[in-house]
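Here is the structure we will look at, set down as structure tokens.
The numbers here are math on the coordinates, done by the rules we state, and not lab data. Given the structure is predicted, the values throughout are model-derived calculations rather than measurements. Neighbour counts run over all protein chains shown; Cβ positions are idealised from the backbone, glycine included.
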Amino acid sequence: MMECKQAAKLMSQSQDRNLTFNERMSLRFHLLMCSGCAQYNKQMDFIRKAMKQLKQR
Amino acid sequence: MVGNVLHKVTLVSNNTDQHAQKSHRVQSVDAEQVAAMREEMLRFTTLQLRDSVLAEDVVHEALNAALSKNKYSGRGSLKSWVFAILRNKIIDVIRERSRHPTESYIEDDVSDDQFDDRGHWKKSHKPSNWGQPETVLANEQFWLIFDICLKALPENTARVFMMREHLGLELKEVCKELNISDSNAWVIMHRARSQLRKCLEINFIQEGKL
């Protein structure tokens with residue numbers, strides 16, 4: 001199974017490039033199993049939202 | 001002081017937002033409102049360029065460009081229109097500067113201290129549940145901390161991150177402008193997001209302000 005360290009890298013990269021099919025699948029699987037990474041994933045989305053909103057302010 | 005400025009500008013932009021929602025017609029540029037943004041523009045530009053003298057020049061140019069037009073298309077707020085002008089000026093400077101790079105962006109793939117030897121989250125670093133963080137986007141206190149966390153990023157990390165997330169360039173373009181490789185840029189972006197996350201978790205979430 002993928003490690004959290006690798007999962008965190010992929011979560012960031014998914015915001016900058018299209019992940020490969022294999023990367024997407026193993027990341028999705030990891031997120032189902034790992035609560036820490038699932039939180040991290042939500043937080044990455046939130047930071048992007050905050051950066052978008054910062055532009056409008 | 002900074003808080004007051006932020007607050008004031010936000011009020012101004014809210015007013016124009018409401019106004020803009022009523023109609024999309026061309027609106028007049030209020031010189032006083034534009035001038036009131038100067039300080040915030042300066043902070044933003046200094047953060048991007050890390051050069052306060054250069055930032056003064058760029059803001060000056062952007063203000064002149066904004067004030068030389070009497071009207072703007074009233075789709076968004078006056079503030080986002082002015083900042084769009086500013087962003088373009090900043091991109092010009094970054095492009096110009098990246099033709100003469102003075103700094104190295106080579107990053108080692110340093111070991112990330114959030115993880116243990118097996119690549120799992122260390123107990124002390126495991127991301128906690130932030131609940132519904134979107135609700136804090138309306139909270140002035142949050143934006144002050146967010147600003148502080150952005151400023152705490154190392155210079156090169158901040159530059160790459162802001163070009164991507166604030167100026168809205170594709171990462172490919174950022175790589176080209178700064179002459180760095182894709183994998184280098186991914187490492188830098190990952191580091192930036194990860195540091196921001198940690199900073200927010202420590203200063204906002206754990207302080208119980210959420």
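Tabulated results
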{"quantity": "Principal-axis tilt of helix A:21-33 within chain A, Cα atoms, nearest 10 degrees", "calculated": "90"}
{"quantity": "Computed E for A:THR20/B:ASP112 - FRET, C-beta separation, R0 30 angstrom, nearest 0.05", "calculated": "0.85"}
{"quantity": "Neighbourhood net charge (12 Å Cβ-Cβ; Lys/Arg +1, Asp/Glu -1) for A:PHE46", "calculated": "+3"}
{"quantity": "Relative packing of peptides A:22-29, B:156-163 - highest average C-beta neighbours within 10 Å first", "calculated": "B:156-163, A:22-29"}
{"quantity": "0 to 90° range, to nearest 10: angle between helix A:35-56 axis and chain A longest Cα axis", "calculated": "20"}
{"quantity": "About the Cα centre, charge dipole magnitude for the stretch B:123-205 (Lys/Arg +1, Asp/Glu -1 at Cβ), debye", "calculated": "380"}
{"quantity": "Contour minus Cα-Cα distance for B:SER52 and B:GLN141 (0.36 nm per residue)", "calculated": "29.5 nm"}
{"quantity": "Distance-filtered residues of the stretch A:20-39 - backbone nitrogen under 20 Å, label point 7 angstrom along B:GLN132 Cα→Cβ", "calculated": "A:39"}
